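Okay, so here's the structure we're looking at.
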Ligand SMILES: C[S@@+](CC[C@H](N)C(=O)[O-])C[C@H]1O[C@@H](n2cnc3c(N)ncnc32)[C@H](O)[C@@H]1O
């Protein structure tokens with residue numbers, strides 16, 4: 001049966017994502033993805049429908065649902081959706097959840113310097129980690145009105161990051177579960193459809209920078225260094241591209257690590273988490289070699305927290 005119902009279609013896409021994500025909770029994640037990208041996802045499905053001579057194109061939703069329900073991985077529509085570049089980008093390496101590492105954030109805030117606190121976050125997905133970190137920062141700000149942290153966010157250019165910088169929307173039902181009413185009131189505004197957007201106050205605290213770790217600037221950043229740099233579940237995505245000369249890949253990875261080191265103040269910290277999948281062997285070896293040379297390490301599972309030695 002064909003349905004043009006928004007909720008129904010989101011459920012279908014959610015079930016599809018669950019096939020790939022196994023037991024991880026994807027429901028809330030997909031609420032955010034689908035709210036922001038339902039038109040793009042449907043356009044990709046309609047292109048697949050055309051390629052498979054499905055008429056009317058709307059039919060693809062029910063064919064797709066049936067294949068997902070039956071876990072029919074050989075089904076040509078399921079295969080086409082699995083290999084669709086945009087859909088993979090929207091729900092693959094961008095996957096994350098709210099309040100994923102509360103103990104890590106707690107520890108990092110206990111170690112924060114007394115004065116200004118400049119944080120860099122590399123890899124922000126749909127903003128969940130920034131909001132989770134900001135929740136802890138708000139608690140600190142409530143205790144100390146002079147505490148005014150700044151967060152710079154770096155991510156490779158993607159359609160998701162573009163939205164986070166300008167007009168991403170969140171379902172209130174999802175954010176209400178994870179953020180305090182105070183944080184919601186400060187960091188968000190509500191639009192006419194009842195979706196939440198980042199507020200002016202939020203954007204004033206944040207800097208957004210497009211940066212592909214595989215293409216870092218050669219000139220060191222001399223203007224700003226950070227007290228804390230978080231790079232959580234990003235290094236796993238540094239892989240050689242298909243057919244790439246391995247020595248080029250290794251140079252790019254070395255440059256990425258050197259760039260990370262340069263961004264941190266002499267007594268600053270780097271928090272690295274590689275939870276969702278093992279990084280490439282060369283990248284794991286670089287993490288050991290570069291950080292163990294320059295930094296003292298504390299483990300607050302699953303984070304490796306490196307404190308740069310003051311020289
Ligand atoms: C799994 S998400 C992690 C989000 C968040 N740090 C967390 O742990 O919840 C991975 C993020 O890294 C970004 N990313 C992947 N490869 C990257 C690269 N080469 N340079 C910069 N960002 C990258 C993705 O776009 C995505 O936002």
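What follows is calculated from the coordinates using simple rules that are stated; it is not laboratory data. Quick caveat, the model's predicted, so the values are computed rather than measured. So basically every Cβ, Gly included, is an ideal-geometry build from the backbone, and we count neighbours across all protein chains shown.
In what sequence do 55, 65, 192, 139 fall when counting other Cβ within 10 Å, fewest first?
Placing the least packed residue first, the sequence is 192, 55, 139, 65.
Going by neighbour counts of Cβ atoms within 10 Å, the residues 159, 241 line up, fewest first, as 241, 159.
Averaging 1/r across all pairs of distinct Cα atoms in region 202-274 and inverting the result yields a Kirkwood radius of 13.7 Å. Helix 246-263 and the longest principal axis of the C-alpha atoms of the chain enclose an angle of approximately 50°. By how many degrees, 0 to 90 and rounded to 10, does the Cα axis of helix 128-143 deviate from the longest principal axis of the chain? The answer is roughly 40 degrees.
Roughly what angle does helix 6-21 make with the longest principal axis of the chain, taking Cα atoms, 0 to 90 degrees, to the nearest 10? Approximately 60 degrees, to the nearest 10. By the count of other C-beta atoms within 10 Å, a proxy for reagent exposure, 238, 137 are ordered fewest to most as 238, 137.
Quick check on region 1-152: take the gyration tensor over C-alpha atoms, sort the square-rooted eigenvalues as a ≥ b ≥ c, and tell me if it's rounded (a/c under 1.5), prolate or oblate. Prolate, since a/c reaches 1.5 and a/b exceeds b/c. Taking 7 Å steps out from each Cα toward its Cβ at residue 148 and residue 169 produces label points 3.3 nm apart. Shape of the chain from the C-alpha gyration tensor: oblate (a/c of 1.5 or more and a/b not above b/c, with a ≥ b ≥ c the square roots of its eigenvalues).
Entry note: region 6-91 has Rg to Rh equal to 0.92, where both radii use alpha-carbon atoms and Rh is the Kirkwood radius.
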